[in-house]
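Following: one structure in structure tokens, then a few remarks.
The values are calculated or read from the model by the stated rules, or taken from the named source; none is laboratory data. Just so it is clear, the model here is predicted, and its values are computed rather than measured. Using ideal geometry, Cβ is built from the backbone for each residue, glycine included, and neighbour counts are taken over all protein chains shown.
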Amino acid sequence: MHKDYQSCIEACLRCAATCDYCAASCLKEPDVDMMRECIKLDMQCAAICRLAAQFMSLGSDYSKQLCRLCADICKACAEECAKHEHDHCKACAETCRRCADACLQMTA
């Protein structure tokens with residue numbers, strides 16, 4: 001079953017790493033207060049992406065439900081990151097959108 005999930009697992013792990021980078025980069029921006037929601041969603045998105053990847057790797061019966069939640073959080077993170085002009089936010093928004101799509105395909 002793990003192989004059936006491989007592309008989604010990879011998308012989730014890529015998204016988690018990108019969100020981590022975005023959060024760390026946001027903390028270095030001059031106006032950190034303006035980046036507060038972005039950082040919060042980056043951290044939540046990275047966490048749910050790692051958990052979804054783990055559940056898929058384990059072949060959990062709950063993988064599809066977790067992927068649905070992961071897609072919702074990825075979409076929220078993408079929307080927030082898209083509000084900012086920083087390159088790390090733009091890259092994160094795109095990666096989150098791709099991950100949300102991959103997760104939604106898993107739930108179909």
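Just a few scattered comments:
- Hits in the stretch 1-18 (condition: buried (at least 19 other Cβ atoms within 10 Å of the Cβ) and either more than 17 Å from the chain's Cα centre (by Cα) or of a type in the set (Phe, Trp, Tyr) (or both)): Tyr5
- For Tyr21, the test of being surrounded by 16 or more Cβ atoms within 10 Å (Cβ to Cβ) and either modelled with pLDDT under 95 or outside any helix (DSSP H, G or I) (or both) is failed.
Here's the yes/no breakdown for (1) over 13 Å from Cys49 (Cα atoms); (2) part of a helix (DSSP H, G or I); (3) at pLDDT below 95; (4) of a type outside the set (A, V, I, L, M, F, W, C):
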position: Cys67; (1), (2), (3), (4): no, yes, no, no
position: Cys70; (1), (2), (3), (4): no, yes, no, no
position: Ala78; (1), (2), (3), (4): yes, yes, no, no
position: His84; (1), (2), (3), (4): yes, no, no, yes
position: Cys99; (1), (2), (3), (4): no, yes, no, no
position: Ala102; (1), (2), (3), (4): no, yes, no, no
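- Number of positions in the stretch 50-75 that are in contact with a Leu (Cβ under 6 Å, 6 or more places away or on another chain) and touching a residue at least 24 places away in the same chain (Cβ under 8 Å): 3
- Residue match in the stretch 29-45 (condition: in contact with a helix residue (DSSP H, G or I) (Cβ under 7 Å, 6 or more places away or on another chain), surrounded by 14 or more Cβ atoms within 10 Å (Cβ to Cβ) and not in a helix (DSSP H, G or I)): yes
- With respect to the stated conditions, Glu37 is among the charged types (D, E, K, R), at pLDDT 95 or above and in contact with an Asp or Glu (Cβ under 7 Å, 6 or more places away or on another chain).
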